[in-house]
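Derivation of every value follows stated rules applied to the coordinates shown; laboratory data play no part. All values reported here derive from a predicted model rather than from experimental measurement. So basically every Cβ, Gly included, is an ideal-geometry build from the backbone, and we count neighbours across all protein chains shown.
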Amino acid sequence: MKKLLLIVSAALLLTSCALTLPVNATSNEVGSKVGMSKATGYLNVLWLGQDASIQKAAKQAGITKISTVDLKQTNLLGIIQTYECIVTGN
């Protein structure tokens with residue numbers, strides 16, 4: 001019984017959820033450049049000045065004309081949250 005409880009507890013602690021959503025699309029041609037920016041927070045309180053903005057993702061890839069913007073959110077039992085902004089364009 002203790003082994004089963006240990007296995008179930010470990011499975012719950014290692015469970016996470018990831019979701020990628022489209023945020024915006026423009027009439028600009030879909031380009032080959034992809035930029036990403038990421039922020040990780042703890043207990044949805046401690047973000048420590050991270051930047052997951054569209055502007056940072058575009059700048060990181062040298063994109064001047066944005067085609068699409070997606071947001072990927074990952075959550076590990078509400079303890080660790082990660083937001084990743086994915087920008088494509090030219």
Size of charge dipole - the chain - debye, nearest 20, with Cβ of Lys, Arg +1 and Asp, Glu -1, no other charges:
240 debye
Near residue 56, which lysines are there with a Cα under 16 Å away, not counting those fewer than 8 places off in the same chain?
33, 38, 65, 72
Among 45, 30, 69, residue whose mean-square fluctuation peaks in a GNM of the chain (springs only between Cα atoms under 10 Å):
45
What lysines could a cross-link reach from residue 3, if we take a straight Cα to Cα line under 20 Å and drop same-chain neighbours fewer than 8 places away?
none
Exactly which trypsin sites (Lys or Arg not before Pro) in the chain are in a DSSP loop and have at most 14 other Cβ atoms within 10 Å?
65
Label assignment, Kirkwood radius over Cα pairs in Å derived from the structure, set (i) 16.4; (ii) 12.8; (iii) 14.7
(iii)
Work out the FRET efficiency for residue 79 and residue 25 from their Cβ-Cβ distance, taking R0 = 30 Å, and round it to the nearest 0.05.
0.40
For the pair residue 32 and residue 47, the simple spin-label estimate (label points 7 Å beyond Cα toward Cβ) gives in nm 3.5 nm
Before rounding to the nearest 500, sum -39500 (n - 2.57) across all DSSP H runs of length at least 4 in the chain and divide by the residue total; then give [θ] at 222 nm in deg cm²/dmol.
-6500 deg cm²/dmol
